Amino acid sequence: MFAAHRWLLAARSPVLSAELFGSMRESGAAGAVRVADMEAQVFKALLRFMYTDSWPLETVEEEEFAMAQHLLVAADKYRMERLKLICEDKLCKNIAAGTAASILALAEVHHCHELKGACFHFLGSPKNLTAAMAGDDFENLRSSFPSLVKELIAKCSIDASVQ
Ligand SMILES: *[C@@H]1O[C@H](CO)[C@@H](O)[C@H](O)[C@H]1NC(C)=O
């Protein structure tokens, strides 16, 4: 259970604020929102961002990468555009052969055009694409987003024919 100020939620997230007002209408003064699809630790970081307007963590790099993925999903859900951009930026810096496929899937689901472009750029190099294709995440990408993989391969062959 996390307590937060109504006015703050209203200023930071139209979605969360609407959920809270809905619950207040039903159950009276205090109001509570059940967040079912997010770990408490992630929601806590989200709240901290709402209050401080800065990246909520001082963590080691791997944790930061995982948190950036979780917070991107949360920021998209609650329509917190600035947080979403910060997460995209952090994920962008983590694009590598082992991460590109999962970052690309995340970018596709959450409509992050710049991040998607950055993944495409990275995977546009045949060497990087080959390395990324060796990982399990790429298989998942291929089965969950076949059209995305087609788009990627089409782009690579266009780039190759231009060079
Ligand atoms: C391919 O991967 C290497 C090593 O991670 C990276 O330095 C390079 O920028 C990548 N190529 C592109 C086009 O992003």
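Read-outs: derived from the displayed coordinates by stated rules, not from any lab. The structure displayed is predicted, hence computed values, not measured ones. Heads up, the Cβs are rebuilt from the backbone with ideal geometry, glycines too, and the neighbour counts pull from every protein chain shown.
Tabulated results
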{"quantity": "2 or more residues within 16 Å of the ligand (Cβ to nearest atom) and under 27 Å from K155 (Cα atoms): qualifying helices (runs of 4 or more DSSP H) within the stretch 54-144", "calculated": "81-92, 100-109, 113-123, 126-133, 136-144"}
{"quantity": "Only listed residue being without any contact (Cβ under 8 Å) to a residue 24 or more places away in the chain, under 11 Å from A45 (Cβ atoms) and surrounded by fewer than 18 Cβ atoms within 10 Å (Cβ to Cβ), chosen from E63, E81", "calculated": "E63"}
{"quantity": "Selection status of K116, closer than 15 Å to I95 by Cα, free of Cβ contacts under 8 Å to residues at least 24 places away in the same chain and of a type in the set (K, R)", "calculated": "yes"}
